[in-house]
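Structure, as structure tokens:
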Amino acid sequence: MGEKVNQFDDIYLDLAPELGLLRLAQSGLGWKARRGEGLFTVRDADLKRTIWLRAARNFQLRIQLRDGRIVKFDGFQRDDFEKLKDIIKTNYGLQLETKEMSVKGWNWGETDFSNSSLVFSVQNKEMFEIPLNEVTNTSLTAKHEVMIELGGPDGEGGARDKNRKGDQLVEMRFYVPGQANQEGEGEEESNANVFYNSIKNEADIGDAAPGDGIVLFSDTLCLTPRGRYDIDMFPAFLRLRGKTTDYKISYTSIIKLFLLPKPDDVHVLFVIGLDPPLRQGQTRYPFLVFQFVREEEIDVSLNLDDETIATKYEGKLEKKYESRTYEVVSTLFKTLTGRRVTIPSEIFKSYHNQSAIKCSMKANEGVLYPLDKSFLFIPKPPTFIPHSEIGSVTFSRVGGNAASASRTFDLKFNMKSGVDYSFSSINREEYTNLNEFLQNKKIKTKTMEDESTGRYVEMVEDSDSEEDTGKRKRKSVVQDFGGGDDEDGESSPDEDFVADESESDVAEEFDENVSDSGGSNASDASGDEGSGNERPAKKPKK
């Protein structure tokens, strides 16, 4: 005769989002997801302690195993307590203890590290706990403030987080006042710093074991987020250490790599795309932008043996590097992440034979790179625009009218999703090469002739065309009034001066002033003014 099995429906395992069935028998217990292949079992000999407590999802059965691990089952009803208590005593010979939780709602108390969790208690009663395997990062945001970021044990917002639905806690901050007592040392250490170091050690997000690091790049300039960081690379992740921040970034969260020369012929930019983004408080950074001096060289040796390089990395790395810094960094990232490094497009060159064009995005100056499959604006804010998501591109202030008499033009990407990206202050000389690149990529382009009316026309490539004599006359008038319009089309300070006058009247008035300035017709003008027989003279300029 088989052993008796007791079953509880609609039970959650730890933080799993799916419901399952919990079955308890004399030989042990098991949990199975209703959908999918989720299965978890525990032998009766491994059970050490059982606790009943109130949790977010009704009531919880917390089981402590003999190896120190904690297993949690949520979703029990209040009426299940007596039944579960008898089953556990009968099958496993254990008492089901009850634990009272703090419900005061206070936000100050004491912290403790217990059973791989950070426990927050108020008046010796547990208020909440944070599994330390959920902590992905911690930093000192102020003298007495410690911030922790939560992502999931599958690696900084990995697959486990993406399967979770609804709102999710991603950050907490603790205010830790006071100084720690240190005997025999002159300098006092703040309690916040002690708490910060404890989280790093307990959550295993601090320094890895000695000898595990592959290479360290010190004092590397980062443009976004701004600062200098040490890049410490390990086999499965890297650590980004700044003065007040310390990030652990899994290689699986790196989805894009770019190696791009800066238009100044001095620097090279290395861009890292992240998913999920790096967080600094409320700010998210989906891209990290590092800057290297092009001619700077580095001499480093990798902490890898020849066998590991040959087998694990398939000979793609070398034991020792003596080369330019950006080349070494990009090679290591490419090999360790398994991602392709995107370089500038071969079919685009700017007017000055560069791989990017200078422009502004709102108030931020930067450079726009036309790449083979996307556009990338850096350094701030880094903006990635795939070609496949572009509906059309609109050029502004590049037509043949007076309003376009400017050295620069604007560019707007009209995305299929309805979002627009606008870039301004692009040198007029860049239009031809940029337009040819867009045509080559079969991206639809259009030109806005007049922003006030919103009319779109075909681009007039020759701004000096003589097809419209009226436009040419208007242009010459503005020039003669000192507007300063040269061949490159520098804008006049008063473009609309002739808007309410006929072009012939303006030209006539201008001719009179030229003759008056010579002095030969000054007396004639005076006499005509007093005779009253001629048509009223125009008032002289003061």
Report summary line: Residue pairs qualifying under the 6 Å Cβ cut-off, at least six apart or on distinct chains, with the first in the range 317-338 being farther than 16 Å from residue 213 by Cβ and the second being acidic (Asp, Glu) and open to solvent by 30 Å² or more (accessible area, probe 1.4 Å), are 322/299; 324/297; 325/296
Query raised in the report: Can you name the residue in the range 7-20 that is surrounded by 16 or more Cβ atoms within 10 Å (Cβ to Cβ) and part of a strand (DSSP E or B) and is also farthest from the chain's Cα centre (by Cα) among such residues?
Result: 8
Requested in this report: Would you point out which residue out of 292, 287 is under 21 Å from residue 380 (Cβ atoms), in contact with a helix residue (DSSP H, G or I) (Cβ under 8 Å, 6 or more places away or on another chain) and open to solvent by less than 50 Å² (accessible area, probe 1.4 Å)?
Outcome: 292
Requested in this report: Filter the range 60-101 for residues that are more than 19 Å from residue 28 (Cβ to Cβ), open to solvent by less than 30 Å² (accessible area, probe 1.4 Å) and touching an Asp or Glu at 6+ places or on another chain (Cβ under 7 Å) and give the result.
Outcome: 60, 75
Query - Looking only at the range 396-427, and only at residues there that are open to solvent by 40 Å² or more (accessible area, probe 1.4 Å) and touching a Phe, Trp or Tyr at 6+ places or on another chain (Cβ under 6 Å), the one that is modelled with the highest pLDDT - result: 421
Query - Flag for residue 23 being over 25 Å from residue 129 (Cβ atoms), modelled with pLDDT of 90 or more and surrounded by 15 or more Cβ atoms within 10 Å (Cβ to Cβ) - result: yes
Query raised in the report: Applying the selection to the range 51-107, what residues are of a type in the set (S, T, N, Q) and within 39 Å of the chain's Cα centre (by Cα)?
Result: 58, 60, 102, 107
Requested in this report: Could you please let me know if residue 29 is out of contact with any Lys or Arg (no Cβ under 6 Å at 6 or more places or on another chain) and of a type in the set (A, V, I, L, M, F, W, C)?
Outcome: yes
Query raised in the report: Somewhere in the range 208-217, is a residue surrounded by 17 or more Cβ atoms within 10 Å (Cβ to Cβ), under 27 Å from residue 357 (Cβ atoms) and of a type outside the set (Gly, Ala, Ser)?
Result: no
Query raised in the report: Quick one: is residue 350 surrounded by 15 or more Cβ atoms within 10 Å (Cβ to Cβ), in contact (Cβ under 8 Å) with a residue 40 or more places away in the chain, among the small types (Gly, Ala, Ser) and assigned to a loop (DSSP other than H, G, I, E, B)?
Result: yes
**Report entry** Tally of residues being open to solvent by less than 40 Å² (accessible area, probe 1.4 Å) and at pLDDT 90 or above across the range 34-59
**Finding:** 7
Query raised in the report: Can you name the residue in the range 149-197 that is in a strand (DSSP E or B) and touching a helix residue (DSSP H, G or I) at 6+ places or on another chain (Cβ under 6 Å) and, of all such residues, is modelled with the lowest pLDDT?
Result: 180
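The values are calculated or read from the model by the stated rules, or taken from the named source; none is laboratory data. What you see is a predicted model, and the numbers here were worked out from it, not measured in a lab. Backbone-built Cβ (ideal geometry, glycine too); neighbour counts: all protein chains shown. Side chains are part of the model used for accessible areas, which takes the heavy atoms of the whole protein and leaves out ligands, DNA and RNA. Shrake-Rupley method; radii C 1.70, N 1.55, O 1.52, S 1.80 Å.
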